[in-house]
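This report refers to the structure that appears directly beneath it.
Here, each number is a calculation from the coordinates, and none is a lab measurement. Computed from a predicted model, the values in this text were never measured in an experiment. Because the Cβ atoms are built from the backbone with ideal geometry, glycine has one as well, and the counts that use them run over all protein chains shown.
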């Protein structure tokens, strides 16, 4: 993975945690075409080669805005074909992000509107600062959510609540998101990053193959019947039996020590 991107900052934390920061603060971290390409480069590379990454933390630069959504200044004056071409980049971006094999935690540090809310909804789970606000405002602009919003939000908060949010374009607070099951934890702004990193470190200490298999089992299982989901879970489980990490976990338990997982 390259070390520098035009619109996104990356940082390794404790070797096994990758912090990804949307980094266009002068544009409220809005998603332009280049940010879409940068996110594709990061997350398609993680799919091919996690390179020791065991957890990803996604946040935005600054304290007031996570991501304002699509960059409407860049879109102003686009032809229909240019708009569609750009959206293909965004479609590939969200697929790459949702296909990330390791857990993704959203550290939502402010407003997450439009595409920003959709990226947040695509995270495996979310911690948010108390000043965070969420909205899918696309219908107020003559479009609709097109990077997973109509799929991920109903799965998180239920179809009736999601339809109200999507069809009105009305924002909801971090506290409301917590009450609805969209946000896992609400913190003060100063506590957001430490809280997220504490959880990321707990994940990163666990057996990485087991974590990846468990994540895949949950996501795939939600798209299946319960019987098919159970069968998929068993297949995912059986792939762990011959791993060295499974043996190390049992040894460490019986020797009353912390395990040293090596992703093998």
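How big is the Cα convex hull of the chain in projection, averaged over all directions, in nm²?
Numbers: hull surface 60.1 nm².
Its average projected convex-hull area is 15.0 nm².
Fewest to most neighbouring Cβ within 10 Å: what's the order for 67, 100? Each step should come with its number before you reach the end.
Numbers: 67 30, 100 23.
Ascending number of Cβ neighbours within 10 Å: 100, 67.
Ratio of region 74-187's C-alpha Rg to 2.2 N^0.38 Å, to two decimals? Spell out each step's value before the answer.
Numbers: Rg = 14.1 Å, N = 114, 2.2 N^0.38 = 13.3 Å.
So the Cα radius of gyration is 1.06 times the expected 2.2 N^0.38 Å.
Sort 126, 31, 234, 42 so that the residue with the fewest other Cβ atoms within 10 Å of its own Cβ comes first and the one with the most comes last.
On the way: 126 26, 31 29, 234 11, 42 22.
Arranged by neighbour count, lowest to highest, 126, 31, 234, 42 become 234, 42, 126, 31.
In Å and on Cα atoms, what radius of gyration and Dmax does region 39-81 show?
Cα only, region 39-81: 15.5, 43 Å (Rg, Dmax).
Find the eigenvalues of the gyration tensor of the Cα atoms of region 207-254, then list the square roots of 5 times those eigenvalues as equivalent ellipsoid semi-axes, largest first, in whole angstrom. Provide the component values of the computation, followed by the final result.
Working: eigenvalues 118, 19, 11 Å².
Here the semi-axes work out to 24, 10, 7 Å.
With both bridge residues required to lie in the chain, what share of the DSSP beta bridges run antiparallel, to the nearest 5%?
Details: 8 of 30 bridges.
Counting DSSP beta bridges with both partners in the chain, the antiparallel share is about 25 percent.
Any chance you could check the Cα centroid distance between region 59-135 and region 220-264 for me, in angstrom?
Going from one Cα centre to the other spans 32 Å.
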